[in-house]
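Take a look at the structure below.
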Amino acid sequence: LDQIVLFLKYQVERDGWNLDVPRLIAEKRFEGQPFVQLGVADANGDVVANNIVPFVKANVRDRDHFIAHQAADTKKLFISRPVLARVSGKWSIQLSRRINNPDGSFGGIALSSIDPYYLADFYKLVNLGKHSSIALVGRDGFIRVWQVDSTLGVGEDMRQNPLMEVISAGGAGTYAVQSPIDRVKRIYCYRELPDYPLIVAVGVSEEQIYRDLNQRLVAYYWFAGAMSVVVCLFGGVSLLIISRRRQSEVQ
């Protein structure tokens, strides 16, 4: 998707704003890519071209991704928190890059949007056991998408969550905490993605982690209890035999 955004950006910077996105799609330039919307917006925030047929006018100048590119040329992909798209009317994560005028000034943005639940569908393939969780979190502290068992969510504010405090100390690591949502205590592993402003956090419940150990411990307890009974019986029988021998010797 980032490659598609770069393609749209360079097309506009090279050839101008006469961009026919539906034609590019009909030519199968982006075959198999899971985007909800492709488009470009000018310096005023007006969407000039997109893949919606018939074309729908919209303005995105108040959106975070537009404001970020207007403020500075970071030369990086901006990944927004989930928003309700004005053109498609669907929840989406906006992936955008700045379009520059020939003099380097701000000319607009190129963007592609993805359904956050597309990522959740992938997470469903990762079986980490009961009460496990996976979250894609932005470095701004907002969740792009999360999944706990079969429950999905997007857009939650994590800025006050202990995860963000831990992550600020390093780009990868582990920590244990009880979830404020479902009260399940999990051990989390997290890692920042080096090229994008995202963090992947995976949590597995302590119950799941220690399940095999606990099962072995139960087996050990039963074995130890059975052996204790055997030893006690053996000791009792031995004492009985010794007592009878002594009685026999006395007689």
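One line per residue, one yes/no per condition, for (1) under 17 Å from Val5 (Cα atoms); (2) within 27 Å of the chain's Cα centre (by Cα):
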position	(1), (2)
Val36	yes, yes
Asn50	yes, no
Val60	yes, yes
Ala68	yes, yes
Gly89	no, yes
Asn100	yes, no
Tyr117	no, yes
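Scanning for something polar (S, T, N, Q) and part of a loop (DSSP other than H, G, I, E, B), does the range 106-123 turn up at least one residue?
Step one: list which residues in the range 106-123 are polar (S, T, N, Q), which gives 112-113.
Imposing the further condition that a residue be part of a loop (DSSP other than H, G, I, E, B) reduces the set to none.
Scanning the range 106-123 turns up no residue that is polar (S, T, N, Q) and part of a loop (DSSP other than H, G, I, E, B).
For the range 111-120, state whether one or more residues are surrounded by 21 or more Cβ atoms within 10 Å (Cβ to Cβ) and within 17 Å of Asp73 (Cα to Cα). The answer is yes; a qualifying residue exists. Tallying residues that are within 19 Å of Pro194 (Cα to Cα) and in contact with a strand residue (DSSP E or B) (Cβ under 8 Å, 6 or more places away or on another chain) within the range 120-144 yields 10. Could you say whether any residue in the range 37-54 is within 20 Å of Tyr196 (Cα to Cα), surrounded by fewer than 18 Cβ atoms within 10 Å (Cβ to Cβ) and of a type in the set (A, V, I, L, M, F, W, C)? Among the residues of the range 37-54, not one is within 20 Å of Tyr196 (Cα to Cα), surrounded by fewer than 18 Cβ atoms within 10 Å (Cβ to Cβ) and of a type in the set (A, V, I, L, M, F, W, C), which makes the answer no.
If you check Gly203 against the conditions, is it under 30 Å from Ser96 (Cα atoms), under 20 Å from the mean Cα position of the chain (by Cα) and modelled with pLDDT of 80 or more? Considered against the rule, which asks whether it is under 30 Å from Ser96 (Cα atoms), under 20 Å from the mean Cα position of the chain (by Cα) and modelled with pLDDT of 80 or more, Gly203 comes out as yes.
In the set (1) open to solvent by 30 Å² or more (accessible area, probe 1.4 Å); (2) over 28 Å from Asn50 (Cα atoms), the condition left unmet by Gln147 is number (1). Restricting to the range 203-251, what's the tally of residues that are open to solvent by less than 80 Å² (accessible area, probe 1.4 Å), touching a residue at least 24 places away in the same chain (Cβ under 8 Å) and in a helix (DSSP H, G or I)? Qualifying residue count for the region: 2. A Cβ distance below 8 Å, combined with a sequence gap of six or more or placement on separate chains, defines the contacts here; from the range 148-169, residues that are of a type in the set (Lys, Arg) reach residues that are at pLDDT 75 or above and open to solvent by less than 60 Å² (accessible area, probe 1.4 Å) in the pairs Arg159/Gly141; Arg159/Phe142.
The values are calculated or read from the model by the stated rules, or taken from the named source; none is laboratory data. All of these numbers come straight from a predicted model, not from anything done at the bench. We place every Cβ from the backbone using ideal geometry, glycine too, and count neighbours over all the protein chains shown. For the accessible areas, the whole protein counts, side chains as well, though only heavy atoms, and no ligand, DNA or RNA atoms are used. Shrake-Rupley method; radii C 1.70, N 1.55, O 1.52, S 1.80 Å.
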